[in-house]
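The values are calculated or read from the model by the stated rules, or taken from the named source; none is laboratory data. Every value quoted in this text rests on a predicted model; they were computed, and no experiment measured them. As a convention, Cβ positions derive from the backbone with ideal geometry for all residues, glycine included, and neighbour counts pool all protein chains shown. Accessible surface is based on the protein model in full, side chains and every heavy atom, while ligands, DNA and RNA are left aside. Shrake-Rupley method; radii C 1.70, N 1.55, O 1.52, S 1.80 Å.
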Amino acid sequence: MRDHLGDKMPIMVETFDRMFKLLLDLDKPTIAVVNGMALGGGCEVAIACDMVIASEKAQFGQPEIKLGVLAPVGAVYFARIFGLRKGLELILSGDSVDAREAERFGLVSKVVADADLEKASLEFAQRFTEKSGAALRWARKCIYRTANLNLREALEVATEMGGGSMMTE
């Protein structure tokens, strides 16, 4: 945290804001691979990715509240991933969760043994590299654009995007 105070703070905040918007706007799926502690900014990077593969020893948390500050990206994503109650609990307490609990709540896509992390991550990613890049882009955009719409609006947007995807090569 000391590296993010004083004159460095506005630069760090602007850089993080830009990075998370870039992650959201990417036209490719993103996968975080976590082996160990993903706390604070590291956790925020992982949760901002589309999927997370974690070793059994991985831990996820936003301890910033213990230092008297807000974890802004964590506050947004935790409530969406964990649900309002658990998201509030974790953000307000600064507690962390292990990989299995993170998987149970949907933060982690897959937990593997420490020794298998690299191989399992490559195999996991290969499932997507074999697919049409255009189809992945359309599907990812559709999911993010419709996630917070009511069902009728979501279906309208998805139908329009589906038609758009069918007009690609």
key: Enumeration of residues in the range 79-98 that are open to solvent by 40 Å² or more (accessible area, probe 1.4 Å), under 12 Å from Phe60 (Cα atoms) and not charged (D, E, K, R)   = Ser96
query = Would you call Leu84 touching a helix residue (DSSP H, G or I) at 6+ places or on another chain (Cβ under 8 Å) and at negative phi?
reply = no
remark   = When the range 143-154 is checked residue by residue, the ones that are assigned to a helix (DSSP H, G or I) and either open to solvent by less than 90 Å² (accessible area, probe 1.4 Å) or touching a residue at least 60 places away in the same chain (Cβ under 8 Å) (or both) are Tyr144, Thr146, Glu153, Ala154
inquiry  = Given the criteria closer than 30 Å to Leu149 by Cα, assigned to a strand (DSSP E or B) and either open to solvent by 10 Å² or more (accessible area, probe 1.4 Å) or not small (Gly, Ala, Ser) (or both), does Val73 qualify?
reply    = no
inquiry  = Quick test for you: out of Ala134, Ala125, pick the one residue that is assigned to a helix (DSSP H, G or I) and touching a helix residue (DSSP H, G or I) at 6+ places or on another chain (Cβ under 9 Å).
reply    = Ala134
query = What is the number of the single condition among (1) farther than 24 Å from Leu117 by Cα; (2) touching a strand residue (DSSP E or B) at 6+ places or on another chain (Cβ under 8 Å); (3) buried (at least 20 other Cβ atoms within 10 Å of the Cβ) that Val34 does not meet?
reply = (1)
message = Filter the range 99-109 down to the residues that are surrounded by 15 or more Cβ atoms within 10 Å (Cβ to Cβ) and basic (Lys, Arg) and list them by number.
response = none
message = If I ask for residues that are open to solvent by 90 Å² or more (accessible area, probe 1.4 Å) and either touching a Pro at 6+ places or on another chain (Cβ under 6 Å) or within 17 Å of Ala32 (Cβ to Cβ) (or both), which ones from the range 124-142 would you list?
response = Gln126, Arg127, Thr129
Candidate set: the range 46-60, residues that are in a strand (DSSP E or B) and not polar (S, T, N, Q); chosen: the one surrounded by the most Cβ atoms within 10 Å (Cβ to Cβ) = Ala54
key: Residue among Ala79, Ala54, Ala58 that is small (Gly, Ala, Ser) and closer than 19 Å to Phe20 by Cα   = Ala79
ask   = Looking at this structure, is Asp114 surrounded by 16 or more Cβ atoms within 10 Å (Cβ to Cβ), acidic (Asp, Glu) and over 21 Å from Met12 (Cβ atoms)?
value = no
query = Which members of the range 16-31 meet the condition of being outside any loop (DSSP other than H, G, I, E, B) and open to solvent by 60 Å² or more (accessible area, probe 1.4 Å)?
reply = Asp17, Arg18, Met19, Lys21, Leu22, Leu24, Asp25
request  = Return yes when Val157 is surrounded by 12 or more Cβ atoms within 10 Å (Cβ to Cβ), β-branched (Val, Ile, Thr) and not in a helix (DSSP H, G or I) and no when it is not.
outcome  = no
query = Out of all the residues in the range 91-102, is one or more in a helix (DSSP H, G or I), over 20 Å from Ile53 (Cβ atoms) and in contact with a Phe, Trp or Tyr (Cβ under 8 Å, 6 or more places away or on another chain)?
reply = yes
